[in-house]
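S.K.: My questions will all concern the structure given below.
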Amino acid sequence: MVLDFLMNWLAAIPGFVVPFALAALGLLLIEKAGVLSLGAEGFMLVGALAGIGAILGLGASPLAALLCAALAATLLSLLYAVLVVSLRVNQVIAGLSLVFLAQGLTGLIGTGAGWVNRPVDGLRPVPVPLLGDLPLIGQVVFRQDTVVYLTVPAFALVAWLLARTMVGLRLRAVGDGPDAADTAGIGVSATRYGAIAAGAALVGIAGGYLSVGIARIWVEGMTGGRGWIAIAIVIFARWRPWSALAGALLFGAIEALIPRIAAAGIQVPQYFIAMIPYLATLAVMVWTCLRGGGGSMEPRALGRAHLREDR
Amino acid sequence: MSPALAMTGVSKSFDGFPALTDAGITAYPGEIHALLGENGAGKSTLMNVACGLYRPDAGEVRVRGERVSIDGPKAAKRLGIGMVHQHYRLVKAFNALENILLARGASRYGRGLREVEAAARRTCDALGFTLPLDRPVGLLSVAEQQRVEILKVLVEGARILVLDEPSAVLTDREAAQMLDTMRRLADEGCAVILVTHKLGEVKRYADRVTVMRGGRVVASADPDAVSLSELTSLVVGAEVHHARVPARRIGAPLLRFAALTGARADGLRVLNDATFVVRAGEIYGIAGVGGNGQTELAEILMGVRRPLSGSIELDGAGDLCAEGVRGRGAGLAAIPADRAGYALAGSLSIADNYAAGAVLSGRFGGWFRLDRRAIRSATEAAMAAFDVQGARSPNQRAGLLSGGNAQKLVVAREFADPPRAVLAHSPSRGLDVRAASAVHARLRAARDAGAAILLISEDLDEVLLLSDRIGVMSRGRIVAEFDTPAKRNAVGAAMVHHA
Amino acid sequence: MDAPSETAPQPARDGAAAARAIPPAHPSRRRLGRLSVGVRQHASARLQGAVLAGGLLTGLACAAAILVAAGIGPADLVQEFVVAIVTSPESAAAVLVQGAPLAIVGLAAALAFRVRFWNIGIEGQMIAGAIAATVVALHDIGPPALRLPLMLAAAALGGSAWILGPVLLRLRIGLNEIISTLLLNYVAFNALLHLLYGPWRDPENNFPNSQLYEPSEQLAELGWQNLTWALPLAGVLLLGGWWLLSISRFGFLTRIAEANPRMGEAQGLPMTRVILAATLASGALAGIAGFMICAGAEHRLTQSFASGYGFSGILIAFLARNSAPGVLAVALFVGTLFVAGQSLQVFYQIPASAVQLLQAVIVLCVAASDFFIRHRLRWLR
């Protein structure tokens, strides 16, 4: 009984973790370049709609649908980039507006095209030969879909990119000291455009995975605030990729736990459990602040537009 | 020998306002070439053209004899022009090597880092730099950060070095070290251009000097062939008098610092048992190497930082460090060193900045209604009285004022009521000669009216010029006191020997 | 009087001759010329007005274009957004009913922005305020005649309490308030769900709502259409906000707190208290907005009464440039969007979220137009 509950819970975790993880990874990329990204929810919404749209409208395969989700989010992110990088619009205002924009736009297009509540064949689990037959761990880890398998390599790639490549050095420079980067001859705007587009693509895939991979159906506003949680995860992780994966695991595990507790008839205040990730994030923030600089990888220019302006 | 850098007929205007008119400079390999001028004379603008940050409207640039078009920092770098800006362009979270790698570029990160490290160590050894290459530069001292900047342009292969006001933030000793390094680089065949407004530096270190005024070049000369006063008049256009005016009547102690101990934001204790008094009618100058607690002392006196222990008694007002007591209400005026940080709000109007000083006094209306008309007329009167220029109206943003005029605005506000005690922290830093002497005159006038004046400055010349008594601060305490006129060498020795 | 913007150009440093910068050209593009961007230090009032009007008109045009693309004829648009509102008392009243809480959340955002505090947690504060008011209602605290004032006070307290933590953390240890207020939205929302699915679930129909408030706990109707006392309450609060921000000495102090609190501190001005007061007032207003919706419209505590209001408030404050009269105008405008949006939903099957789309488009156009006020463009050859 307890084992069943555990197995059921653990097997469900990746489905919750992957959207968080990919979205947080994308946001991390954007924020490392010094661009605040409160519009994450918007990118996810667009990704979710584009994924389903690609299947229903174009007959795309699930993986191609995820590519469409990435593409659609990137497209929207270019609008965001024009606003905050080129036109130097306040990033909080632009981010919030972007979420509103995406909510309205996806609602309008999704209902207009009649994609609401139409089930699709989504991603299927791909059991890894041999490993998938392992007891316990096989079911939890090795009977997942392609996106789940690709999540950890994606983190490794981004972590390597940021820490060990010139591209990463430039991206971090743009986020930490845009003036210095500019003097060094690095195109601050171009780098930020690139980071926004690439990051948004990841967030878009996270959104597409929600509709194509998990729900296999589209309803309006289906991301249900996951984009905002991804923002919390990035802060929880203090802008470090592997910590972001850990954060996604924590948030995802709790999200997966809550309905199962209720279903099992266990009497616990489930909504208080749902608060834990947010309070934990807050606690991490307070702890980071109290401990002083050093440990936090928060980009110093986060949220600030750049314009070369000598004295 | 063809000049390393020859700029001729360079003009540049911003927003219709000419910053450079037919300006230029010719610097040869092997020389230290000083570019001298007041603030706003166009020195930095000319050099920003040289390093590709600005594009000139007209003019010719030749590097090693060849005509070039410098259309960006990258082009300047390719031509071997490296600039150390006044405000360092370093990524604070990166260490020195990462900063250098960022500027130099590389096709592969790992190999690039190894190459940069080897080159940086070589250069460090050659120049005798001691520098932690693996610490985030944000944790380094200002002088160390400057060394990182110099290292950066050298590793990038610069043969034409431009340093914009390099000694502005350094102590005498650090500045001397830095300039010796420049001498060595010039001897190795680099052309070093030193942008400065310090005449003494020019006389001591430069092989040639180009003087700019109002965006034009007014002279190019051998500094040994012109006298200090000739140079001064070239810079300001007219001779300015530098004479000490001693205090007329010194009274009883008015401002008492007793065993003041305080810590920096990061917890480091930088103020240690500082004890001294400032008497009515005197200027007490604190000399010292930067970072020995001066900033914290000023912040505690202004009321923006709490001491760990000790007190500051202002006669008749009690302990200024006590909860709820504010020096402002007791007649304390403050001219902070960090003008943009503590003295002015650049995005607010001149009138708002002026009113901030007395808004609680009731002069500009009570809590229910603020009297904007009174603010405006008071500001206009103060701008006229204190010669604040460069603003069309009091409603213009204070951030548009030049450094000198902004400082005059601060002084106008602080001296709106005759102060009983004055804190003046590096009051002429970044000001040209004329504005500085206007500020100095105001300080003397307040002193002669009986105020106790605490002058904190890292510019020893300023301390020697203004003070009636000098205290040397080292490691957070006053280690020596001098009556004036004091010997420059004696004060300097006290500063260094206790450090 | 910008929104507290991180993107505001830094005050020019010492000796700032009006120096502008020009980005380097790419050699390949040099022959075509290039666009040079510089900071404009001073923009005349006429230019500002013209550019803003341009941004607003562009936004409206984009919004109209989107609706036309969604299948609504231009004539119908005019009918729904202008004619219906002006000619039908029901619609006009509906705009006022919608506009009242919007104005209050807008004012709440404006107050916080005026001391450079990014209050993203308005929804959480609304929920906290509404919960506090509902405690008073459900437990029949105080005599019935005083019930509504007590609920109002409880809502204000609840809202301030919810913002107190982020403010103190920001003032004491410099914690970023954008994130802390945002996180507390979720904590408040989960607390609300806990109450509505738990102890406060309506015993009559078992829906996850609170019980209906008693009549003495509802804001009474004014007697014209369905207007309630929420409207005069909003009017009084707006008037107070106008006085506070534009007339009083406190308003001046908030401007210094926005522009450079360290300078204010060095001038002996009580910056911490100003920031604290303005943000607590912001939270209190948000709480009152929650009370207003629950006691004036829903007459009970529901799950989603606050949904969307927080961000609307921020966008309203932004469009209104943090001024109370501006908040009034923009809130009425957004109220119109809501009312027209409802009829579009009924008659044209346009989803309700389209209203948010319109808001976003207009805000983005206006925000983008700001660029042309703050910057100067030139085409260089």
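The values are calculated or read from the model by the stated rules, or taken from the named source; none is laboratory data. None of the values given here were measured: they were computed from a predicted structure. With ideal geometry, Cβ positions are generated from the backbone for all residues, glycine too; neighbour counts draw on all protein chains shown. Note: areas computed on protein heavy atoms with side chains; ligands, DNA, RNA excluded. Shrake-Rupley method; radii C 1.70, N 1.55, O 1.52, S 1.80 Å.
S.K.: Within the range C:63-75, take every residue that is in contact (Cβ under 8 Å) with a residue 40 or more places away in the chain and crowded, with 16+ Cβ neighbours inside 10 Å and give me the one that is farthest from C:Asp370 (Cα to Cα). I'd like the intermediate steps shown before the answer.
M.R.: Step one: list which residues in the range C:63-75 are in contact (Cβ under 8 Å) with a residue 40 or more places away in the chain, which gives C:63, C:66-67, C:70-72.
Add one more test, that the residue is crowded, with 16+ Cβ neighbours inside 10 Å, and what stays is C:63, C:66-67, C:70, C:72.
Details: C:Ala63: 19, C:Ile66: 23, C:Leu67: 25, C:Ala70: 29, C:Ile72: 30 Å.
Selected residue: C:Ile72.
S.K.: Right, another one. Provide a single number: the residues in the range A:161-220 that are surrounded by 23 or more Cβ atoms within 10 Å (Cβ to Cβ), farther than 28 Å from A:Gln144 by Cβ and away from chain B (no Cβ under 14 Å).
M.R.: So the count comes out to 3.
S.K.: So A:Val35 ticks every box in (1) within 26 Å of A:Pro277 (Cα to Cα); (2) within 14 Å of another protein chain (Cβ to nearest Cβ); (3) assigned to a helix (DSSP H, G or I) but one. Which box is left unticked?
M.R.: So the condition that A:Val35 fails would be (3).
S.K.: Determine whether the range A:139-150 contains at least one residue that is of a type in the set (Phe, Trp, Tyr) and touching a residue at least 40 places away in the same chain (Cβ under 8 Å). Full working, then the answer.
M.R.: Taking the range A:139-150 and keeping what is of a type in the set (Phe, Trp, Tyr), we get A:142, A:149.
The next check asks that each one be touching a residue at least 40 places away in the same chain (Cβ under 8 Å); those that pass are none.
The answer is no; no qualifying residue exists.
S.K.: To continue, here is another question. Got a sec? Which helices (runs of 4 or more DSSP H) wholly within the range B:433-499 have at least 2 residues that are free of Cβ contacts under 8 Å to residues at least 60 places away in the same chain and open to solvent by 20 Å² or more (accessible area, probe 1.4 Å)? So that I can check it myself, show each step before the final result.
M.R.: Values: elements: B:433-448, B:460-466, B:488-497.
It comes to B:433-448, B:488-497.
S.K.: Yes or no: the range A:49-69 includes at least one residue that is within 14 Å of another protein chain (Cβ to nearest Cβ) and in a helix (DSSP H, G or I). Explain how you work it out, then say what you get.
M.R.: Kept after step one, since they are within 14 Å of another protein chain (Cβ to nearest Cβ), are these residues of the range A:49-69: A:49.
Add one more test, that the residue is in a helix (DSSP H, G or I), and what stays is A:49.
Yes, there is a match, as at least one residue in the range A:49-69 is within 14 Å of another protein chain (Cβ to nearest Cβ) and in a helix (DSSP H, G or I).
S.K.: Still on this model: Select from the range B:344-377 the residues that are within 20 Å of C:Met263 (Cα to Cα), more than 10 Å from chain C (Cβ to nearest Cβ) and among the aliphatic types (A, V, I, L, M) and list them in ascending order.
M.R.: B:Ile350, B:Ala351 - these are the residues of the range B:344-377 that are within 20 Å of C:Met263 (Cα to Cα), more than 10 Å from chain C (Cβ to nearest Cβ) and among the aliphatic types (A, V, I, L, M).
S.K.: Shifting gears a bit: For A:Leu78, are the conditions met, namely being under 30 Å from B:Leu101 (Cα atoms), of a type in the set (A, V, I, L, M) and within 14 Å of chain C (Cβ to nearest Cβ)?
M.R.: Details: under 30 Å from B:Leu101 (Cα atoms): yes; of a type in the set (A, V, I, L, M): yes; within 14 Å of chain C (Cβ to nearest Cβ): yes.
Yes.
S.K.: Could you tell me which numbered condition C:Arg321 fails, if it satisfies all but one of (1) out of contact with any helix residue (DSSP H, G or I) (no Cβ under 6 Å at 6 or more places or on another chain); (2) more than 21 Å from C:Gly240 (Cα to Cα); (3) in contact (Cβ under 8 Å) with a residue 60 or more places away in the chain?
M.R.: C:Arg321 satisfies every listed condition except (2).
S.K.: Quick one: would you say B:Asn353 is touching a residue at least 60 places away in the same chain (Cβ under 8 Å), open to solvent by less than 40 Å² (accessible area, probe 1.4 Å), within 24 Å of the chain's Cα centre (by Cα) and more than 18 Å from B:His425 (Cα to Cα)?
M.R.: Numbers: touching a residue at least 60 places away in the same chain (Cβ under 8 Å): yes; open to solvent by less than 40 Å² (accessible area, probe 1.4 Å): yes; within 24 Å of the chain's Cα centre (by Cα): yes; more than 18 Å from B:His425 (Cα to Cα): yes.
Yes: the conditions hold for B:Asn353.
S.K.: Let me ask another. If you take just the helices (runs of 4 or more DSSP H) that sit entirely in the range C:297-381, which of them hold at least 2 residues that are more than 12 Å from the chain's Cα centre (by Cα)? Quick ask: steps written out before the conclusion?
M.R.: On the way: elements: C:309-319, C:324-348, C:354-374.
Passing ranges, in order: C:324-348, C:354-374.
S.K.: Quick check on B:Gly310: is it in contact (Cβ under 8 Å) with a residue 60 or more places away in the chain, open to solvent by less than 40 Å² (accessible area, probe 1.4 Å), farther than 29 Å from C:Leu244 by Cα and part of a strand (DSSP E or B)? First the steps, then the outcome.
M.R.: Working: in contact (Cβ under 8 Å) with a residue 60 or more places away in the chain: no; open to solvent by less than 40 Å² (accessible area, probe 1.4 Å): yes; farther than 29 Å from C:Leu244 by Cα: yes; part of a strand (DSSP E or B): yes.
Here the answer is no, as B:Gly310 does not meet what is asked.
S.K.: Hey, another quick one. Looking at B:Gly37, B:Gly65 in this structure, which one is open to solvent by less than 10 Å² (accessible area, probe 1.4 Å) and either aromatic (Phe, Trp, Tyr) or touching a residue at least 12 places away in the same chain (Cβ under 8 Å) (or both)?
M.R.: Numbers: B:Gly65 fails: open to solvent by less than 10 Å² (accessible area, probe 1.4 Å).
Within the list B:Gly37, B:Gly65, the selection yields B:Gly37.
S.K.: Would you please name the residue that is most open to solvent (accessible area, probe 1.4 Å), looking only at residues in the range B:400-432 that are assigned to a helix (DSSP H, G or I) and of a type in the set (S, T, N, Q)?
M.R.: Of the range B:400-432, the ones assigned to a helix (DSSP H, G or I) are B:400, B:403-414.
Filter once more, keeping what is of a type in the set (S, T, N, Q): B:405, B:407.
Working: B:Asn405: 23, B:Gln407: 2 Å².
Among them, the one singled out is B:Asn405.
S.K.: Given the criteria modelled with pLDDT of 90 or more, in contact with a strand residue (DSSP E or B) (Cβ under 7 Å, 6 or more places away or on another chain) and under 23 Å from B:Ala118 (Cα atoms), does B:Glu149 qualify?
M.R.: Numbers: modelled with pLDDT of 90 or more: yes; in contact with a strand residue (DSSP E or B) (Cβ under 7 Å, 6 or more places away or on another chain): yes; under 23 Å from B:Ala118 (Cα atoms): yes.
Against the criterion (modelled with pLDDT of 90 or more, in contact with a strand residue (DSSP E or B) (Cβ under 7 Å, 6 or more places away or on another chain) and under 23 Å from B:Ala118 (Cα atoms)), B:Glu149 qualifies.
S.K.: Can you pull out every residue in the range B:460-490 that is touching a helix residue (DSSP H, G or I) at 6+ places or on another chain (Cβ under 9 Å) and closer than 19 Å to B:Gln177 by Cβ?
M.R.: Selection gives B:Leu460, B:Asp461, B:Ser474, B:Arg488.
S.K.: Looking at the range B:367-381, can you tell me whether even one residue there is open to solvent by 20 Å² or more (accessible area, probe 1.4 Å) and at pLDDT below 90? Reasoning before the result, please.
M.R.: The initial filter retains those residues of the range B:367-381 that are open to solvent by 20 Å² or more (accessible area, probe 1.4 Å), namely B:367-369, B:371-374, B:376-378, B:380-381.
If we keep only those that are at pLDDT below 90 too, we end up with none.
No, the range B:367-381 contains no residue that is open to solvent by 20 Å² or more (accessible area, probe 1.4 Å) and at pLDDT below 90.
S.K.: Within the range A:46-62, count every residue that is open to solvent by 10 Å² or more (accessible area, probe 1.4 Å) and touching a Leu at 6+ places or on another chain (Cβ under 9 Å).
M.R.: Residues that pass the stated criteria total 5.
S.K.: Let me ask another. Checking the conditions here, which among A:Ala81, A:Ala159 is small (Gly, Ala, Ser), within 30 Å of C:Trp118 (Cα to Cα) and in contact with a Lys or Arg (Cβ under 9 Å, 6 or more places away or on another chain)? Break it down stepwise before answering.
M.R.: Values: A:Ala159 fails: within 30 Å of C:Trp118 (Cα to Cα).
The conditions single out A:Ala81.
S.K.: Restricting attention to the range B:248-280, report how many residues are out of contact with any helix residue (DSSP H, G or I) (no Cβ under 6 Å at 6 or more places or on another chain) and not in a strand (DSSP E or B).
M.R.: Counting residues in the range B:248-280 that are out of contact with any helix residue (DSSP H, G or I) (no Cβ under 6 Å at 6 or more places or on another chain) and not in a strand (DSSP E or B) gives 10.
S.K.: So, one more: Quick one: would you say C:Ala284 is within 9 Å of another protein chain (Cβ to nearest Cβ) and either closer than 21 Å to C:Tyr186 by Cα or surrounded by 20 or more Cβ atoms within 10 Å (Cβ to Cβ) (or both)? Reasoning before the result, please.
M.R.: Details: within 9 Å of another protein chain (Cβ to nearest Cβ): no; either closer than 21 Å to C:Tyr186 by Cα or surrounded by 20 or more Cβ atoms within 10 Å (Cβ to Cβ) (or both): yes.
Against the criterion (within 9 Å of another protein chain (Cβ to nearest Cβ) and either closer than 21 Å to C:Tyr186 by Cα or surrounded by 20 or more Cβ atoms within 10 Å (Cβ to Cβ) (or both)), C:Ala284 does not qualify.
S.K.: Are there any pairs with C-beta distances below 8 angstrom linking a residue in the range B:222-239 that is assigned by TED's automatic domain parsing to the domain that holds B:Asp432 and in a helix (DSSP H, G or I) to a residue that is modelled with pLDDT of 75 or more and polar (S, T, N, Q), with the two at least 6 apart or on different chains, and if so which?
M.R.: none
S.K.: Follow-up. Give the residue, chosen from C:Leu168, C:Leu146, C:Leu150, C:Leu164, that is touching a Gly at 6+ places or on another chain (Cβ under 6 Å) and open to solvent by 60 Å² or more (accessible area, probe 1.4 Å).
M.R.: Details: C:Leu168 fails: touching a Gly at 6+ places or on another chain (Cβ under 6 Å); C:Leu146 fails: touching a Gly at 6+ places or on another chain (Cβ under 6 Å); C:Leu164 fails: touching a Gly at 6+ places or on another chain (Cβ under 6 Å).
Only one candidate passes the filter, namely C:Leu150.
S.K.: Go through the range C:200-248 and report how many residues are in a loop (DSSP other than H, G, I, E, B), free of Cβ contacts under 8 Å to residues at least 24 places away in the same chain and either farther than 20 Å from C:Ala295 by Cα or open to solvent by less than 80 Å² (accessible area, probe 1.4 Å) (or both).
M.R.: To start, the set of residues in the range C:200-248 that are in a loop (DSSP other than H, G, I, E, B) comprises C:200-214, C:218-220, C:222-227, C:229, C:248.
Narrowing the set further to residues that are free of Cβ contacts under 8 Å to residues at least 24 places away in the same chain leaves C:201, C:203-207, C:220, C:222-223, C:248.
Then keep just the ones that are either farther than 20 Å from C:Ala295 by Cα or open to solvent by less than 80 Å² (accessible area, probe 1.4 Å) (or both); that gives C:201, C:205-206, C:220, C:222-223, C:248.
The number of residues fulfilling the criteria is 7.
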